[in-house]
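K.L.:
Below you will find the structure I want to go over with you.
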Amino acid sequence: MLIGLLIGAAALAGGYLYTRGFVRQRLRFVEKAQRPSAPVIAGVVATAAILPVAALPLITMGTALAFGVGVGTGWASGQRADPES
């Protein structure tokens, strides 16, 4: 139980940090990436992409959802962040 919780937390934090940096650095001038609906779409796509891996014993549906939430919130944070910082 505890290992699954730690894996879920790592998926949430990893999805958030990687996506935030990617949006800040690489997608800052892409108009479609700055739309208000982009974080929701990115979170849903990330969750759908990780769902086949949820068949493994340690990675559950909760881990897939945590990863999707991390990607979506990271995307939204990357949109609002100052690229100079």
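The values are calculated or read from the model by the stated rules, or taken from the named source; none is laboratory data. Note that the coordinates shown come from a computational prediction; the quantities given were computed from them, not determined experimentally. When we count neighbours, we look across all protein chains shown, and the Cβ atoms used for this are built from the backbone with ideal geometry, even at glycine.
K.L.:
Under 8 Å between Cβ atoms, at least 6 apart or on separate chains: pull out the pairs that start in segment 50-75 with a residue that is crowded, with 21+ Cβ neighbours inside 10 Å and end on any residue that is of a type in the set (Phe, Trp, Tyr) and in a helix (DSSP H, G or I).
P.N.:
Gly70/Tyr16; Val71/Tyr16; Gly74/Tyr16; Gly74/Tyr18
K.L.:
Which one is surrounded by the most Cβ atoms within 10 Å (Cβ to Cβ) among residues in segment 76-85 that are in a helix (DSSP H, G or I) and touching a Lys or Arg at 6+ places or on another chain (Cβ under 7 Å)?
P.N.:
By that ranking, first place goes to Gly78.
K.L.:
Could you please tell me which pairs satisfy a Cβ distance under 9 Å, a separation of 6+ or placement on different chains, a first residue in segment 26-39 that is within 16 Å of Ala81 (Cβ to Cβ), and a second residue that is charged (D, E, K, R) and modelled with pLDDT under 95?
P.N.:
Going by the 9 Å Cβ cut-off, the qualifying pairs are Ala33/Arg26; Gln34/Arg28; Ala38/Lys32.
K.L.:
Let me ask another. Is segment 32-39 home to any residue that is surrounded by 14 or more Cβ atoms within 10 Å (Cβ to Cβ), among the hydrophobic types (A, V, I, L, M, F, W, C) and in a helix (DSSP H, G or I)?
P.N.:
Within segment 32-39 (the criterion being surrounded by 14 or more Cβ atoms within 10 Å (Cβ to Cβ), among the hydrophobic types (A, V, I, L, M, F, W, C) and in a helix (DSSP H, G or I)), the answer is yes, since at least one residue qualifies.
K.L.:
Also, I was wondering about something else. Only one of (1) modelled with pLDDT of 95 or more; (2) among the aliphatic types (A, V, I, L, M); (3) in contact with a Gly (Cβ under 9 Å, 6 or more places away or on another chain) is not met by Leu5, so which one is it?
P.N.:
If we test Leu5 against (1) modelled with pLDDT of 95 or more; (2) among the aliphatic types (A, V, I, L, M); (3) in contact with a Gly (Cβ under 9 Å, 6 or more places away or on another chain), just (1) comes out false.
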